[in-house]
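Right, one structure below, let's go through it.
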Amino acid sequence: MASEKAAYAALAGRHILLGITGSIAAYKAAMLCRLWRTAGAEVQVVMTPLAKQFITPLTMATLSKNPILVEFFNPENGAWNSHVSLGEWADCYVIAPATANTLAKMATGVADNLLLTTYLSARCPVVVAPAMDLDMYAHEATQQNLHTLARRGVRIVEPGTGELASGLSGKGRMAEPEEIAAFVNELLDGGRKTLAGKRLIVTAGATIEAIDPVRFISNHSSGKMGYAIAGELAARGAEVTLISGRTALPVPPGVKRVDVLSADEMYEATVGAFDTADGAVMCAAVADYTPENVSQTKIKKGDGEMYIRLRRTRDIAAELGARKGNRLLVGFALETDDEEAHAQSKLEKKNFDFIVLNSLRDAGAGFRGDTNKVTLIDRAGSEELPLMSKREVAARIVDRIEGLLTR
Ligand code: CTP
């Protein structure tokens, strides 16, 4: 018992909502619930109607020390089981086991039971632990649903390989309770909610400027730095809207992503969201120029040279800088020469509170890698950070944001 407490230290006092769906693996949910309770977490359990066939509400109520929620209304007294307040109560919503059916409904937004409506209204990180037969798990439909959920920031605890209830052997058995408990512990670890109640926008990734239906102009930005910052802000309790150009990255837990393509689309989405925000972090590599005319049909090659006339795009950061008031605005600069001077001039021109300078001359800094070396510059001076992982750089940038927003 003492060792469980130590192993899952981040769970003490945390609110975990456990969703149970109709799978043989539901018996493992009992163990999971017991592990969390021993670690000092508060647990509420929501079950699908079918899940009751696999494990009794009495078992789960006894282990969780809370009544079990299944219906939208309590059939005895008509009291409403509010999925909204459940979602607000939870620090983490863990659906274990998650059947193929429930994953499909989550992916498509079906809301025909309390477990699903709670998923749709939850603002906390959501974790699923799939459990099903190997062919169901491997089926393209299930894989696509998992992919959709991962893109939206749902965390997946991969099933294990072994003997399945069907008698077949393969990948599909739910991860063991200890593994799920450790996963949630890691997710909630360091969850200092110092930015609770703050709304922040992060722009990230490269914009895509269409030339014709087939070709475009873009750049090498991977979006990793912006995604790391969005994840760090959300982990500290901020409400984060990530306005993202094209990237292959999963949405960090708790972050709301808005997908855009062009600089114009990013401008509209970002300026629109800024009114109700406490600040914005401008990480996106926005194209400065876009084709003046986009051909509706594929442009055919000719014998001679061809020219594309480009027009300037609107500067999103400068627009936010002009209307910022006392909101926070953080910019990025990627330079190859005379770095500090260029960054200083952007700081002033766009009215940033501080700017994060990357120099392409520094080894380990810049686009695609997982490391970065940056200098933080504000009106009081500059702070050069050593080479670190993008995650650590994000934490340092968010430390500064936190200092400015909570002083
Ligand atoms: N930015 C923006 N909208 C644009 C262009 C840039 O929001 N249309 C933001 C970037 O996200 C970044 C900062 O402005 O925070 C970068 O400034 P910028 O002057 O655009 O950098 P470069 O495009 O590299 O400028 P230059 O060509 O002058 O070096």
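The values are calculated or read from the model by the stated rules, or taken from the named source; none is laboratory data. This is a predicted model, so every value here is computed, not measured. Don't worry about glycine lacking a Cβ; one is built from the backbone with ideal geometry, like all the others, and counts go over all protein chains shown. Each accessible area value is taken on the protein alone, full model and side chains, heavy atoms only, with ligands, DNA and RNA left out. Shrake-Rupley method; radii C 1.70, N 1.55, O 1.52, S 1.80 Å.
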Does segment 40-53 contain any residue that is of a type in the set (Gly, Ala, Ser), open to solvent by less than 20 Å² (accessible area, probe 1.4 Å) and assigned by TED's automatic domain parsing to the domain that holds Leu116?
-> yes
Among the candidates Arg314, Arg361, Arg327, single out the residue that is away from the ligand (no atom under 13 Å from the Cβ) and modelled with pLDDT of 95 or more.
-> Arg327
Tell me, please, whether a residue that is in the same structural domain as Thr336 (by TED's automatic domain parsing), within 15 Å of the ligand (Cβ to nearest atom) and either acidic (Asp, Glu) or surrounded by 14 or more Cβ atoms within 10 Å (Cβ to Cβ) (or both) can be found in segment 378-389.
-> yes
Looking across segment 105-158 at residues that are among the aliphatic types (A, V, I, L, M) and part of a loop (DSSP other than H, G, I, E, B), the single one that is nearest to the chain's Cα centre (by Cα) is Val154
Return the residue satisfying two criteria in turn: it lies in segment 317-376 and is under 28 Å from Thr406 (Cα atoms), polar (S, T, N, Q) and assigned to a loop (DSSP other than H, G, I, E, B), and of such residues it is most open to solvent (accessible area, probe 1.4 Å).
-> Asn326
Condition test on Arg257, is it farther than 20 Å from Arg155 by Cβ, of a type outside the set (Ser, Thr, Tyr) and away from the ligand (no atom under 13 Å from the Cβ)?
-> no
How many of the residues in segment 175-217 are within 14 Å of the ligand (Cβ to nearest atom), more than 17 Å from the chain's Cα centre (by Cα) and open to solvent by less than 50 Å² (accessible area, probe 1.4 Å)?
-> 4
For Tyr307: the one exception among (1) under 18 Å from Met282 (Cα atoms); (2) among the aromatic types (Phe, Trp, Tyr); (3) open to solvent by 70 Å² or more (accessible area, probe 1.4 Å) = (1)
